[in-house]
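Input: a single structure, listed below in structure tokens.
The values are calculated or read from the model by the stated rules, or taken from the named source; none is laboratory data. Source: prediction; values computed, not measured. Here the Cβ positions follow ideal geometry from the backbone for every residue, glycine too, while neighbour counts run over all protein chains shown.
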Amino acid sequence: MCPDPAGVWNTAAMDNDRNVAVLGAGKMGEILAAGMVRSGARTAGQILIADAVEDRARQVGTRHGFSIAGTNRAAVQDAGVVVLAVKPKDIGGLSAEIAPVLGRSHLVVSIAAGITTGTLESGLGTGVAVVRAMPNAASSVGEGITAICPGSTANKGHLERARELLEGVGPVISVDESLIDAVTAVSGSGPAYFALFAEALVDAGVTVGLPRDVSARLVAQTMRGTAALVTQGGMEPAEVREAVTSPGGTTAMAIRELERAGLRAGVLNAVQAAFDRAKGLGGAGRQ
């Protein structure tokens, strides 16, 4: 679990300033902001959107009714929470831009892959509370999962405030920062792994005679049902596989071929490659 530095969140400051500045109006920034409103954590009027491309911020703001800040600094000055939703390579420049207007009353939540809380604290200034977060693409339909961890000056209150905002797009778990890059490799990139397997399974269904729309519907619902067996039915993935696999049956033959093709080794190698890349991205924020 994450450490809990001494101190408590200033509840008066929290009550007086509930505005959230989302810096970066890309896909994930928009998803997170919309989730905060959908969950009731914030109103649309309490969300401030800013982006280096002003037209993009305007489009997102207009679509959801968010306030549009002319600059990143202006957004930060009017908010108690600042969400950094830019690419890792842009973190260094953004940190330098907003550091002069950040104070101890701010909470900064970063979703930049690979950028450590130490790097963020160094760029944002002494005493600024930082929480690092890793959501995933399923957040867009409220079915994501986000891992969070505090920096050296963030406390339990900061974590709970971050959790409240991020739960608008799915469950939130706390992990030690040493595990965040692994989270990125498993769940951050995970939707792409499942989508690739689903794509292959749909194509395989077509190969054995199914119409593509039928195959696609079968695969999508099978993925959903399998996930429910694990998340709602309390079954381990291995238990689901064993329950479906009869000795010498059709599933047993299929599993044998997947194992022969090196499915497990391929997954392990894929996650390791994503993990190594996530750790490498940490240098991007210092450039």
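I'm told Arg161 meets every condition in (1) under 21 Å from Phe275 (Cβ atoms); (2) crowded, with 20+ Cβ neighbours inside 10 Å; (3) basic (Lys, Arg) except one. Can you identify the failing condition by its number?
(1)
Out of Ala254, Ala270, report the one residue that is touching a residue at least 12 places away in the same chain (Cβ under 8 Å), surrounded by 10 or more Cβ atoms within 10 Å (Cβ to Cβ), outside any loop (DSSP other than H, G, I, E, B) and of a type in the set (Gly, Ala, Ser).
Ala270
Looking at the range 181-209, I want the residues that are surrounded by 19 or more Cβ atoms within 10 Å (Cβ to Cβ) and have a partner that is assigned to a loop (DSSP other than H, G, I, E, B) and among the β-branched types (Val, Ile, Thr) with Cβ atoms under 6 Å, at least 6 apart or on another chain. Which pairs are those?
Ser187/Ile145
Matching residues to (1) among the acidic types (Asp, Glu); (2) within 16 Å of Ser139 (Cα to Cα); (3) surrounded by fewer than 18 Cβ atoms within 10 Å (Cβ to Cβ):
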{"site": "Ala25", "(1), (2), (3)": "no, yes, no"}
{"site": "Met28", "(1), (2), (3)": "no, yes, no"}
{"site": "Val37", "(1), (2), (3)": "no, yes, no"}
{"site": "Arg42", "(1), (2), (3)": "no, no, no"}
{"site": "Val53", "(1), (2), (3)": "no, no, yes"}
{"site": "His64", "(1), (2), (3)": "no, no, yes"}
{"site": "Thr71", "(1), (2), (3)": "no, no, yes"}
{"site": "Ala75", "(1), (2), (3)": "no, no, no"}
{"site": "Asp78", "(1), (2), (3)": "yes, no, yes"}
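Being loosely packed, with under 12 Cβ neighbours inside 10 Å and β-branched (Val, Ile, Thr) is the filter; apply it to the range 224-250 and report the residue that is farthest from the chain's Cα centre (by Cα).
Within the range 224-250, the match that is farthest from the chain's Cα centre (by Cα) is Thr250.
From the list Ser122, Ser140, which one is closer than 24 Å to Asp276 by Cα and either outside the structural domain of Arg73 (by TED's automatic domain parsing) or in a helix (DSSP H, G or I) (or both)?
None of the others qualify; the one that does is Ser122.
Could you tell me which of the residues Val76, Val37 is more than 23 Å from Ile115 (Cβ to Cβ) and part of a helix (DSSP H, G or I)?
Answer to the selection: Val37.
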